[in-house]
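Here's the structure, in structure tokens; my notes come after.
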Amino acid sequence: MDALIEFTTGPLFRLAFAICLFGLVRVLLLSVSDIYMMLRRAGERNVPWGDLFRTTVSWFVPVKHIPKHRTMYSLVSILFHAGLILVPLFYSSHVILWDKNTGLSWGFWMPQTLAHILTLTTIGGGIYLLLARALNDASRHISRGPDYFFVSLLLVPFITGIFMTNVVLAANVYQWMMMLHALSAVLILVLIPFTKIAHVALFPLGRYIAAAAWKFPKGAGDKVMATLGREKMREEIPA
Amino acid sequence: MNSITPERLEKAYAIPKKDEVVKAQKLPVRYHVENGVETEDRPEKFLRAMAAILKHTNYGFALDHFSRVTAKCARCAVSCPIYEVTGKPEHVPCYRSSMLLDIYRRHFTLGGRIRARITGDIGITDEIIEEMAGSYYDCTACRRCTNACPMGIDHGLVTHLGRWILAEIGIVPRALVVSTREQISGDTHNTSAIPLPALLDSLEFMEEEMEGTKNAPVKFPVDQEGAEYLFVAPVSDYMMEAETLMGIACVMHATGGSWTIGTKNYDAINYGLFYSDQVLEKLVNNIEAEAKRLGCTKILVGECGHASRSAKFFLNNFSKICHMPVVNILEYTHDAMKAGKLTFDKTIVTEKVTYHDPCNIARPGWVVEQPREIIREFIPDFVEMTPKGRDNYCCGGGGGTVSIDEIRPWRTTIGGRKKAEQIDKTGAKIVIAPCANCKKQIRELLEDNEMPVELVGLHDLIYKALVLSPDGVAWREPEEDDFDWMGGGEEDFKPPEEAKA
Ligand code: SF4
């Protein structure tokens, strides 16, 4: 078991991290090149970069957006995300792990108490988000399996983490929890670039993509008509 | 303000078509389509049309991104004026978009096709198409929900695309096509089929009218070669919104602006924006051609949201010749006021006034503050609606739906409900809406909800309050029969639909 844990938190973790990193760089580059392609094809390329940048940034610190719609849900979502990002990176054992595996050393780690609080808010938040998704008519109607699955999956390393750091809870199950903890983390890393979690990297691009998509290529309508084998527009044929 | 009774609701949702028609067309939607809509193999045809559009346009990139990041958080739901009133899950913006995004994923991506093999998902069906046909015209493409989406998904863009694909397989409201057909291949080249002599007549009448009320020789210049601005207004204004146009003419007079109306193309309306990029392109090209013909260097668009947006954001996009600045009349008037060229009589408009932001010019943050500054200049009792500006509520007639008369009960009971509540809350006696479409919708909204509020354009009030004559008097009461021509004139002009019938 120990060897397996060693392997998972060592080579396997490094592989998963590499897949995650390169996968994210890949989707990011592809999306940026998409924007470039769109603007190249379009007749007019004036994009309000400044305005888009301001709106995008405003969503990183979404104070002004929170009170407008689904306030509680939005607040919890921010707490949930805070733990998701901070604990894997800055919890003491993780800092050591990053250093050992990738040579990335932050030079500091977060206070244990903060890590515990964030872990609890993430778990509590995740459960709240799942319930709110299932109980709210609107979001239940638009949610599919993966929308529930990924949130649940993200909670696994946090729940197992609680078990491991608590002597009482960990008494008999430490190794099992450790295994589950490491495996789920590895699985998440691998899935990030290929699933909706890719929004960790793609999130800032949405508004640029939409703005570029509103720039229409010249003559596209005529080409569509030709591709569809029609000779005249409907509007050119008397009713 | 009337409440929403079960009877009103029933009417709003009712399909105003005979059962046989609905069955024959396989279209359980509230709007009429033209005869001859094909029903066979619709899913295949839809996919073919979608493939062709994705091939030649940029939409595929957006669909790809949107379907990758959509978090399904439903924050958009509570920002949509339709969902807020109906509370029906099918009116959640994200759900509406997901119909098309799912089709994209399933049929146009490798992962989707593989997944479909495994799960046996057949993808698009007749039922989904019917649902989209209804849904994409319930949405007014007002893009309010986009402000609420953390991921920046533009549901208005998806609706825009969905409508185009549907139009390519023959599903498009008759009201829209009838108008654009007249513009593209009719004799009059304008949506209301107003012949040139009638236009000239109405200009002459308005000039006489202004001579009387303003005591100044205000003109509507026609075919003036070399004028700086080509002026285009929604053509219906020449029949319905004379005061708006007279207000604009007075501003141009006061500023000594060099402008002209073109006789070959005097309609700013562009319903292509609402269902087909091909039509959109043809119509903006027509405006550009008219500007070129007359040697104008700028386009000045009258009080109209969608017309301003289609010219401003797509004229240079589709331009054949060169880039040309597009100016909305509110910008022009605002600049003139700032330059000290306009003098107002502040005692003319005394009632409490509120202002409605047309989505097409306010959502991008283009025309938001200018009208407010103008209003504050001469209207002492001005009150804002909440929310306003970029975050405003649609009037309920956006996306061309206002021209679909058969859905009026829907528009005035559901679509415009939020707007009616907003207006009601302000306690204003006058609501300003500087847009031909918003004007028609809000008028109907006020009427059907029995609200004693008057709807005007901003230039209607400017017309009254602007001081033009040397004696400093802004307004002389018009003679009793001055406006007879408007009522009498209407018989000459049949809407194109009837004219063709
Ligand atoms: S564009 Fe407007 S009407 Fe359409 S879904 Fe969004 S908020 Fe609702």
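Consider region B:157-173 and keep the residues that are surrounded by 24 or more Cβ atoms within 10 Å (Cβ to Cβ) and not in a helix (DSSP H, G or I). The one that is nearest to the other protein chains (Cβ to nearest Cβ) is B:VAL172.
Quick one: which residue in A:LEU15, A:LEU84 is touching a Leu at 6+ places or on another chain (Cβ under 8 Å), within 23 Å of A:MET179 (Cβ to Cβ) and in a helix (DSSP H, G or I)? Outline the logic, then answer.
Values: A:LEU15 fails: touching a Leu at 6+ places or on another chain (Cβ under 8 Å).
Just one listed residue meets the conditions, A:LEU84.
Taken as a whole, region A:5-15 holds no residue that is within 23 Å of the chain's Cα centre (by Cα), within 14 Å of chain B (Cβ to nearest Cβ) and β-branched (Val, Ile, Thr).
What is the residue count in region A:209-225 for residues that are of a type outside the set (A, V, I, L, M, F, W, C) and buried (at least 23 other Cβ atoms within 10 Å of the Cβ)? Residues flagged as of a type outside the set (A, V, I, L, M, F, W, C) and buried (at least 23 other Cβ atoms within 10 Å of the Cβ) within region A:209-225 amount to 1.
So in region B:174-212, with the set limited to residues that are loosely packed, with under 15 Cβ neighbours inside 10 Å and charged (D, E, K, R), which one is farthest from the other protein chains (Cβ to nearest Cβ)? Here the residue is B:GLU211. When B:PRO434 is tested against (1) surrounded by 19 or more Cβ atoms within 10 Å (Cβ to Cβ); (2) under 22 Å from the mean Cα position of the chain (by Cα); (3) assigned to a helix (DSSP H, G or I), only condition (3) is not met. Of everything listed in (1) outside any helix (DSSP H, G or I); (2) surrounded by fewer than 18 Cβ atoms within 10 Å (Cβ to Cβ), the single unmet condition for A:HIS69 is (2). Note on region A:40-50: among residues that are over 25 Å from the mean Cα position of the chain (by Cα) and over 14 Å from A:ALA220 (Cα atoms), the one that is farthest from the other protein chains (Cβ to nearest Cβ) is A:VAL47.
Looking only at residues of region B:139-155 that are outside any loop (DSSP other than H, G, I, E, B) and either within 7 Å of chain A (Cβ to nearest Cβ) or surrounded by 24 or more Cβ atoms within 10 Å (Cβ to Cβ) (or both), we find that the one that is modelled with the lowest pLDDT is B:ALA148.
Being among the hydrophobic types (A, V, I, L, M, F, W, C) and away from every other protein chain (no Cβ under 14 Å) is the filter; apply it to region A:53-94 and report the residue that is nearest to A:ILE159 (Cα to Cα). Among those that are among the hydrophobic types (A, V, I, L, M, F, W, C) and away from every other protein chain (no Cβ under 14 Å), it is A:VAL87. Among residues of region B:195-209 that are of a type outside the set (Asp, Glu), those with a beta-carbon under 8 Å from a residue that is loosely packed, with under 14 Cβ neighbours inside 10 Å at least six positions away or on a different chain give the pairs B:PRO195/B:ASP187; B:ALA198/B:ASP492. B:LYS219 meets all of the listed conditions (1) away from the ligand (no atom under 16 Å from the Cβ); (2) assigned by TED's automatic domain parsing to the domain that holds B:THR86 but one, namely (2). How about region B:378-405: which of its residues are more than 16 Å from the ligand (Cβ to nearest atom) and in contact with a Phe, Trp or Tyr (Cβ under 6 Å, 6 or more places away or on another chain)? Answer for region B:378-405, where residues must be more than 16 Å from the ligand (Cβ to nearest atom) and in contact with a Phe, Trp or Tyr (Cβ under 6 Å, 6 or more places away or on another chain): just B:PHE378.
Among the residues of region A:97-146, write down those that are charged (D, E, K, R) and within 14 Å of another protein chain (Cβ to nearest Cβ).
First, pick out the residues of region A:97-146 that are charged (D, E, K, R): A:99-100, A:133, A:137, A:140, A:144.
Selection gives A:ARG133, A:ASP137, A:ARG140, A:ARG144.
The values are calculated or read from the model by the stated rules, or taken from the named source; none is laboratory data. Keep in mind the model is a prediction, meaning the values are calculated, not measured. In this analysis, Cβ positions are derived from the backbone assuming ideal geometry, glycine residues included, and neighbour counts consider all displayed protein chains.
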